[in-house]
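Visitor: Shown below is the structure under consideration.
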Amino acid sequence: MADEEAKIEARPIHNWAELTQLCLINILSRLSIEDLWRNARFVCKHWFQACKDPKLNSVIDLETQFRESDNESRSNPEFEQKIDSMIRSVVGWSDGSLTHVRVKHCSDRSIALIAERSPNLQVLSIPSCPHVTDKAMSEIAFGCPLLSELDISFCYQISHRSLALIGQHCPSLRILRRNLMTRLFPSEQESFLRPHHGDYEAAAIGKFMPQLVQLELRFSPMTSKGLALISEGCVNLEHLDLFGCTNVTSRDIANASSSLKKLKTLKKPNLSLESNTERYGHWQLYDDRFQTDFFRI
């Protein structure tokens, strides 16, 4: 027993605060953003400074922290401010190296900052951001020419004007998700979900985004006219999701798909929601647990 205690006492005691910067960054790079923000940066001043290294801030992905919820307080200004604060920090620490942003419930201010300071941005996924507008998206169009993937689902202050600008100034765009809320349930967005709105967006996509390979337009109110414009302009499409697009018929879809020679998968309109697993669900709300736990710092 005494020998074992002596061996334990003889073992060297490692001071984690003395790790070299390179070694520490290598270790921290293996952590999730949640672990970095809630735990690692509070170990000591040395670790906090390491967490600000641009190599650890090229991606901000909070997608896995959100999940569907029936919470009625889905529009929470305080929560939005916290998301904005995190984005501001990451953008500042990234020193222009930010390439991927996947968040929800951020504001125009955050998007404008990303556009201003992230010229290497490739992925922007901001579904369910009710306060993001055409103004901020126009700045993305001009400031982030390398954009290859965009998700602006359930963002009802973004219009066809943003789609046109993005298509004109982001030639690398290959994936677009512009899903809307199901019309089978009442919502404050009813006035937005009119056929001419869908056709305006379809026209912008067909005219300015010929390079798209994947397009999601769930519950778009577009008509056969809009679908025809997409099939004529986006001939490189491989994946097309039209689930919930009840203003287009089977004949419309057959005519459109005949022009899409590279098409591999096509999800057709289907009113039986119970038999179809949706990517986003009916309401994209933030998780209460994420609000209370992730920001408990």
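Quick note: the coordinates plus some simple rules give every number you see, no bench work behind them. Keep in mind that this is a model prediction, so the values were computed, not measured. No Cβ is skipped: glycine too gets one built from the backbone with ideal geometry, and neighbour counts run over all protein chains shown.
Visitor: Would you tally the net charge around Ser125, using a Cβ to Cβ cut-off of less than 9 Å, leaving Ser125 out, and scoring K and R as +1, D and E as -1? Mind dumping the intermediate values first?
Guide: Values: positive: Arg102, Lys104, Arg177; negative: Asp61, Glu63, Glu149, Asp151.
Within the 9 Å Cβ shell, the charges total -1.
Visitor: Given the pairs Lys104/Lys261; Lys135/Lys225; Lys55/Lys261, which span a C-alpha to C-alpha distance of over 31 angstrom in this model? All intermediate terms of the calculation are to be shown ahead of the outcome.
Guide: Numbers: Lys104/Lys261 35 Å; Lys135/Lys225 28 Å; Lys55/Lys261 41 Å.
Listed pairs above 31 Å: Lys104/Lys261; Lys55/Lys261.
Visitor: Can you list the HN-Hα couplings for segment 158-166, worked out from phi with the Karplus curve (6.51, -1.76, 1.60; θ = phi - 60°), rounded to whole Hz and with x for Gly and Pro?
Guide: Working through the residues one at a time gives 9, 10, 4, 5, 5, 4, 5, 5, 4 Hz.
Visitor: Also, I was wondering about something else. May I ask for the Kirkwood hydrodynamic radius of segment 205-248, worked out over all distinct Cα pairs and given in angstroms to one decimal? Write out the running numbers ahead of the final one.
Guide: Working: mean 1/r = 0.0966 Å⁻¹.
Kirkwood radius, segment 205-248: 10.4 Å.
Visitor: I would also like to ask the following. Size of the dipole of segment 72-125 about the Cα centre, Lys and Arg at +1 and Asp and Glu at -1 on the beta carbon, nothing else charged, in debye to 20? Mind dumping the intermediate values first?
Guide: On the way: 7 positive and 7 negative charges, 25 e Å.
Its charge dipole is roughly 120 debye.
Visitor: What residues qualify as long-range amide H neighbours of Asp151, i.e. H under 5 Å apart, gap of 5 or more or another chain, H built at 1.01 Å from N?
Guide: Leu124, Ser125, Ile126, Arg177
Visitor: Rounded to whole Hz and in sequence order, give me ³J(HN,Hα) for segment 167-179 from the Karplus expression 6.51 cos²θ - 1.76 cosθ + 1.60, θ = phi - 60°, writing x for Gly and Pro.
Guide: Calculated HN-Hα couplings, in order: x, 6, 10, 10, x, 8, 4, 10, 10, 10, 10, 9, 7 Hz.
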